Structure formats: C-alpha cells, structure tokens
1. How large a share of the accessible area of segment 211-291, in percent, is made up of carbon and sulfur atoms when the probe is 1.4 Å and the other protein chains stay in place?
2. Using the structure shown, select from 215/305; 48/76; 56/84 the pairs with a Cα to Cα distance greater than 20 angstrom.
3. So who's got an amide H within less than 5 Å of the one on residue 220, skipping anything under 5 residues away but keeping other chains? H placed 1.01 Å off N, in plane.
4. Accessible area per residue for segment 386-493 in Å², computed with a 1.4 Å probe and the full protein assembly in place, what is it?
5. What's the carbon and sulfur percent of segment 525-571's accessible surface, probe 1.4 angstrom, rounded to a whole number?
6. Might you tell me the accessible area per residue for segment 221-328, computed with a 1.4 Å probe and given in Å²?
7. Enumerate the amide H contacts of residue 371 below 5 Å, restricted to partners 5 or more residues apart or on another chain; note that Pro and chain-start residues carry no placed amide H.
8. Could you give me the ³J(HN,Hα) list for segment 459-471, computed from phi with Karplus coefficients 6.51, -1.76, 1.60 and θ = phi - 60°, whole Hz, x at Gly and Pro?
Amino acid sequence: MHRPAAPRPTADRLTVLFLNVHGGAALACMALLALSAATARGDEIVTKGGATFSGKVVREDDTHVTIETEDLGPIKLAKSEIVKRNGAAPAPKDGDGKAEDAKPSDAAASDAKSPAKGDATKPQPKAADPAADAALDAAERLARRRNATIVRSTTPKKTETPAAATPAAAASAAPAPTTSAPTTSAPTTSAPTTPAATAPESAASQPVGGDLLAKESPGTTLIVFEPVRAFEAASGGTLIGRRTVARLDVVGSSSARLTIAGSGAEQTWTVRLADVQRHRVVRGEGDRLNLLEGVDLNDWVRALKSDGSTVAGRFLGVEDGSVKLASPPDAGAEPAAPASASVPLGQIVRVDGIQKSSFVRRTIADTIDRDVIAATMWPDGREIVGTVIENDGKAAAIDTDRDGKADVSLHVDAPVAAVRTLPAAVRQSAAGLAPGAWVRVASVEEYPDARVETEVSGAIAGITPYAVCIAQGDGAIVLPFESVASLKAVPSGGANAPRPIDSSTSGVPVLPGDAAEDAAKASAPGLAAVTDGRTVTHVVVSAPWEPRVFGIRIGAKLEDALSTGDLRYTTTVWPKESGKTGKARELVSESVEGLRVTVLCDRWETVTSIEIGRR
C-alpha cells in the first residue's frame with residue numbers, strides 16, 4: 001500500500017523553492033533567506049500608551065508599521081504613536097519627509113540588496129512582493145506566530161512630549177491633565193487613535209458618592225443624598241431618599257459630622273459614609289432646588305424647615321421659588337396636615353417622604369362595603385385594620401372596633417405605605433362574614449419533609465386580611481390566608497359542630513390522663529403506655545392488638561377505617577420521600593374531647609398504628 005510522504009519542514013520547502021529559481025535569481029533568494037534568519041529574533045515596539053508589542057515587522061510605510069504577534073496576529077500601528085522601537089527612539093524625518101531607517105535588520109537588508117564590488121553584471125534581487133507573503137501556507141504562518149511574543153507592561157509610562165518653541169505655544173499645545181492612569185488592557189487589531197484630552201468635571205457639577213465626601217473642605221455647605229430604601233414597617237412601600245442641607249464639620253474614613261443650620265439652634269448630624277449616595281455643593285440659593293431631585297408629582301413629601309417645624313403633603317411642584325404641597329383633610333396622617341402649603345426653598349433644610357403607589361390608590365378606591373382592609377401608614381408605621389362601611393371612590397370609611405360606625409377615613413392620597421385586603425380566592429365567599437358566623441376552612445401548607453392539609457369548621461372568632469381565627473371547643477385555631485385553599489359559610493351548629501366522643505368507646509384499658517399506676521394495664525401485646533411519672537401521657541396501639549380502637553381495627557384498609565370509625569379528622573399529614581409525597585399519611589382527629597388521636601397508614605393505605613395523646 002502506498003503511504004503518502006510526511007510533509008517536509010518549512011526550511012526544506014523554502015530550500016526547494018529557492019533552488020527552483022534559475023540563474024542569478026537563485027543567489028539573490030539565498031541572500032534573502034539569510035536575511036530572514038538574521039531577523040528571526042523579532043522586533044519590539046513601545047507605544048505612547050505604554051503597550052509593548054513583540055513579534056516581527058511584516059510591513060512598513062511612511063505612516064504605519066504592521067507587526068505580526070503570536071497572540072493577536074498582525075497589528076497595524078501609527079508611527080506617530082511609537083515612542084521606542086527595538087529599544088531606541090524612532091529617528092526623526094529628513095527634509096524630504098521620509099523617515100530615516102534606524103533598524104539594524106533593515107541596514108543588513110540594504111547591504112544584502114547592494115551589488116558586490118567588481119560584479120556590476122550580477123542581477124539584483126527582486127523587491128518583496130505582498131502576494132508572496134499571502135501565498136505562505138498555514139504551516140509557515142503558524143511557525144512565525146510561535147516565534148513571536150507579546151509583552152504587556154503594567155507600569156504606567158509617561159508620554160514623551162516634544163518641547164514647544166515658546167512657553168505660550170507649550171501652554172496652548174499641552175493637553176489638559178486627566179486623572180486616569182494609562183491603560184494597560186490588551187490592544188485591539190484596529191489602528192489606535194490618540195484619545196482627546198478633556199478636562200475632568202468638577203465635583204460640584206456632578207453627583208458623587210459618599211467615598212468622595214472626604215475630599216470636601218470643612219465648612220462647605222452641602223446637600224447630602226441618602227439612598228432610596230424600603231419602608232421598614234411595610235416592605236411594599238418605597239421611601240424617597242432623604243436629602244439634607246448641612247455644613248460639613250469633620251469627616252473621617254467611615255463617617256462625617258455635619259451641622260444642620262436652624263433659626264435659633266444648630267443640630268449636629270452624624271452620617272456614615274456608606275449611607276451617602278451622593279452630594280452636591282451649595283453655592284447659592286438656586287442650588288437648593290436639588291433638594292427635590294427625583295421627587296415626582298403626587299409623591300408624599302415631608303419638609304423640615306429651618307425653624308424646626310414640619311410641613312407634609314402631596315408634592316404639586318415648585319412655583320416662584322416655593323414648594324407647593326397639598327393634603328386632603330381626611331388623609332389619615334398624624335398630626336393632620338394642612339389642606340395646602342407653600343414653603344420657600346430657602347427655608348427647607350431636609351426633605352423625605354414616600355413615593356406614590358398606583359396599586360395603593362387603586363386598592364383603596366376599589367374596596368366595597370363590608371370589605372376587610374388593613375393599611376400601614378407612613379412615617380409612624382401605624383396600621384389601620386377594620387371593615388369598610390362606605391367608599392365614594394376617593395376615601396374609604398373604616399370601622400375599626402366593630403360597632404358599625406366609621407372610625408377612620410382613609411383617602412387615596414394619604415401617606416399609605418401598604419394596603420391589603422382579603423385574597424381574591426376567598427374575598428367573595430368571605431364578604432360580609434362577621435365574628436360568630438360559621439365557616440368551613442380548608443388549608444394546605446408545604447414543608448420540606450411533609451405536606452399538611454387541614455379542614456376545620458367552627459365559628460369565626462376574628463378575621464383580618466392576614467388570617468382567620470376559628471373557635472374550637474377548647475380554644476381556637478389560626479389559619480393564615482397564604483395557606484387557605486377554600487372558605488365557605490355553613491349553617492351554625494348541628495352537624496358542623498365538633499362531635500364529642502366518649503372516651504369509654506376507645507377500646508383500650510388505659511388512656512392519657514390516667515394515673516401512672518394504671519400503665520400496668522397496658523401489658524397486652526401491641527399496647528404501650530408512656531408516663532411522666534404521675535400520669536399517662538401517650539398510648540400507642542399497633543399489631544397484634546385485635547380489639548377496635550374508636551371503631552378502627554389495626555391492619556384494616558384506610559377506606560374501611562374512615563367508613564366504620566367514629567373519628568372525624570381535621571388534619572392530614574403526607575410525609576415526603578425525596579421531596580415527593582406518597583400514599584403514606586397520618587390522619588389527626590380532635591373529635592374526642594381533651595384527646596388527639598393520630599391514625600398512621602403505610603404506602604399500601606393500611607392502618608399500622610394508632611397514637612392517643614393529650615391536647
């Protein structure tokens with residue numbers, strides 16, 4: 001079988017190429033090959049930006065130099081950007097406008113191109129053809145890239161600027177200083193351009209962070225902005241970042257002390273630099289308009305005046321150098337805000353507030369009679385909980401003490417941080433339900449190790465937008481609405497009341513609550529009693545116990561136990577295996593007065609044991 005010959009090394013192929021050239025051209029090509037070996041060590045170019053490129057110069061003209069690098073390939077550089085070439089500064093241009101060639105390799109190439117003395121008839125080698133470079137195969141280009149290296153300098157280098165003819169010319173020609181260090185990032189393949197020198201913006205003309213507050217001089221009057229935060233009493237409310245006009249007294253590495261000017265006294269204020277979003281220098285009264293930066297129309301604004309008084313209301317804008325605020329008489333704010341106010345900007349030293357919320361306004365406006373509502377007010381976090389008696393679309397009259405009369409009027413423009421009504425799933429069925437009404441509530445709660453389903457019936461002891469409380473024979477059960485799946489009104493009493501079961505029908509000789517001495521009666525196989533030394537606390541029944549326990553036989557199918565047993569179950573616990581629920585479950589009944597009975601079933605839905613405990 002014919003096996004193809006292995007490719008020859010690059011040097012061998014070049015030799016064959018040169019030997020195929022006839023006559024004197026072959027000698028010239030041999031000289032060019034020697035020149036390539038002489039320059040194989042590579043070139044190094046340093047730019048004004050401090051970047052260093054190592055490789056081989058493959059093309060050069062009057063304005064640009066192209067160097068082949070190993071990592072980035074060919075890179076075209078402007079000669080005006082080159083400060084060093086092979087360790088030496090580039091030679092200045094001569095009178096004809098052509099740069100003098102200072103490269104030793106080019107000098108050697110010049111000698112190689114010059115004819116030898118006494119041999120005038122010797123043919124001259126041809127100039128390098130760009131097409132010949134393009135004809136190099138992939139192996140040759142790969143070899144050239146492996147021989148080239150690139151060196152990135154991380155030490156900033158100063159740009160060498162030629163001296164100007166006169167001081168005036170030097171001043172006009174010198175670029176404005178910049179605060180940034182020379183870049184050290186990897187250069188791109190595009191031709192570099194000299195960045196235009198621009199004067200840095202002053203700290204007073206742009207917002208700056210708290211880390212730059214230390215650069216301000218003591219005694220400077222500033223507007224200090226704090227970041228936007230969520231209201232602590234209601235995460236749904238978004239506060240306006242507080243902004244304060246103050247004089248800088250002392251600033252350290254982590255905090256600053258300022259003074260808020262007042263009419264009769266001065267208030268000292270210490271702020272952490274981490275709590276400062278930005279600041280602005282106040283040079284005139286017009287700069288105080290920045291106090292309202294980022295405040296939207298109808299946001300609820302509270303303004304602290306220089307005399308210590310406070311004015312609050314909806315922000316309506318600025319007119320004739322004064323801030324216009326408006327507040328409805330039934331806004332629910334404490335203390336009550338005036339109907340309207342106009343505060344000169346020069347008197348305001350601090351502004352804060354809460355952003356308007358379309359959801360809050362819409363929820364208050366959409367409430368109907370007998371709706372249950374809860375509203376959290378700003379800034380004191382006071383919560384108003386009650387039942388809506390009347391709503392005209394602008395304000396809701398709320399009964400908070402269940403006497404049927406309005407106690408609070410909640411306006412849509414009030415400083416409400418959050419508002420909540422009954423969930424949509426139960427809002428219609430729970431409308432008009434008052435304490436004492438009978439309901440049946442089903443809830444589902446997910447836990448990492450189990451799923452808990454609860455169904456309970458009873459009279460409503462209390463209801464809020466957060467939870468419903470159901471009265472039981474020996475107490476009450478609270479079910480949060482996040483877990484409520486359904487809520488239905490049922491007739492009171494009768495079949496819906498918890499059925500008291502006589503403990504004598506248990507079928508076991510000992511029950512929780514009996515004396516500890518009676519635990520000896522639980523000596524039969526499948527029966528065990530647990531005591532605390534004085535009384536029996538738990539009784540566990542399992543196989544091979546034969547008698548029925550509250551009508552349930554150990555080993556029976558769950559379907560049969562539910563149909564023949566005397567218990568009514570309020571809670572079902574589904575244990576999880578690998579995050580999934582199976583058929584195994586625990587049924588909890590509290591239909592026996594004073595006792596809690598738990599029936600345990602396996603994955604085959606067979607009753608395996610019964611646990612009896614005290615509630």
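1. Solvent-exposed carbon and sulfur of segment 211-291 make up 45 percent of the total.
2. Table pairs above 20 Å Cα-Cα are 215/305.
3. Under 5 Å from the amide H of residue 220 lie the amide H atoms of 248, each far enough along the sequence or on another chain.
4. Here the residues of segment 386-493 average 47 Å² of exposed surface.
5. The computed percentage sits at 53.
6. I get 48 Å² per residue for this part.
7. 388
8. 7, 6, 8, x, 8, 9, x, 9, 7, 10, 10, 10, 6
The values are calculated or read from the model by the stated rules, or taken from the named source; none is laboratory data. Just so you know, these numbers come straight off a predicted model, no measurement behind them. Glycine also receives a Cβ, built like all others from the backbone with ideal geometry; neighbour counts cover every protein chain displayed. Accessible surface areas use protein heavy atoms only, side chains included; no ligands, DNA or RNA. Shrake-Rupley method; radii C 1.70, N 1.55, O 1.52, S 1.80 Å.
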